Structures are given as C-alpha cells and as structure tokens.
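No value in this document is a laboratory result; all are computed from the given coordinates. Predicted model, so just to flag it, every value in this text is computed and none were measured. Note that we place each Cβ from the backbone using ideal geometry, even for glycine, and neighbour counts take in every protein chain shown.
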Amino acid sequence: RGGKMGDADRLPMANVNRIVTSVLPRDAAVAKEAKVAISACATVFVHYITELAVQQCDKRKKVTLQYEDILEAIREAEFNDFEEPLKEALAAFRAQNSAGKKPAAKRQKTGDAGAAAGAAAADAPVNPADTSVNLDTSVNNADTSMNDASVNEGGGEEAAGA
C-alpha cells in the first residue's frame, strides 16, 4: 500500500528502553543497536497487524478500524498468544480512563446537559466494538517490509537518532 518506513514511524527510543528494561534483571545491559533492532521489530509488527486489519476493513467496505479488526488480524497472523494480553491491556486502558472521569453527580450540578448525557454513557457497559480508530491515509500507507535505510547495520548511532 505505502512507501518506506521512516524514522517518524519508529517507536521512541525512550519507550523502547523503558519496555526492555522492565523485563530484564537490574544488572542487565542492553546495547544501543539491540534497542534499535527491537524498535524496528515492533514497528514492523505494528505495521503488519494494522495492514491485515485494514485489509479486513476494505473487504467489508468499512471505514473505521475497530478493536475486533485488530483481534482478527492477530488471529489471521497466527499470533493467538497475543489475544488475551491484548484484551487485558484494553480492559486496563478502559479502567484507567473511566477512573479519571468525574462522577455523574458532579457534572449534573454544573447544569451541563451534555455532561450528564456523557456520564450516563460512561456508566453503561463497554462493548469492545465501540473501541475504534478512524482510518486515515497514514494507516493506509502502512508498509510491512523493511528497507536497507530502516536500520543502520553499521554503528546504529544514526538509526537511533542520537
């Protein structure tokens, strides 16, 4: 569908570092090139799963990429072990977002009818089908292949943005 992956498509190295170090023993060290490689792998994975999900949406003539489309793409790619962690992450995300909202009674006191309606919607059970992302051209341009410029196999310094 699209062009080559650029530096803007990669996960920020600070995020990669935080994820990698969270699963390693305290005294473990990770080379910068390894972090670049992990970032590139994660980027390819995201592009690949997104492309599979977008293809499913295209077949159904859907314009909105939803949670179920991602789950179906995970299954299609035979990454079934990722399905439960994805569901757990979504549940945690929803719980975190709902915990940060004001209670309905406080919103109603402000006299904002829209806020009261929003509070009622927030209290309703959450359906995974309601979790969606509107597709735009950046998603449609997802590329599932790596090119030579994506990962600097030399020193790794330039590819890491340092």
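Things to note:
- Translational diffusion coefficient of the stretch 1-80 (Stokes-Einstein, Kirkwood radius from Cα pairs, 25 °C, 0.890 mPa s): 170 µm²/s.
- Subtracting the Cα-Cα distance of Ala31 and Asn97 from 0.36 nm times their residue separation leaves 20.2 nm of extension gain.
- In loop segments of the stretch 46-96 as defined by DSSP, the trypsin sites (Lys or Arg not before Pro) with at most 13 further C-beta atoms inside 10 Å of their C-beta are Arg60, Lys61.
- The local environment of Ile38, defined by Cβ-Cβ distances under 14 Å, has a net charge of +3 under the rule Lys, Arg +1 and Asp, Glu -1.
- Amide H within-cut-off set for Gln66, under 5 Å, with H built and near neighbours excluded: Val133
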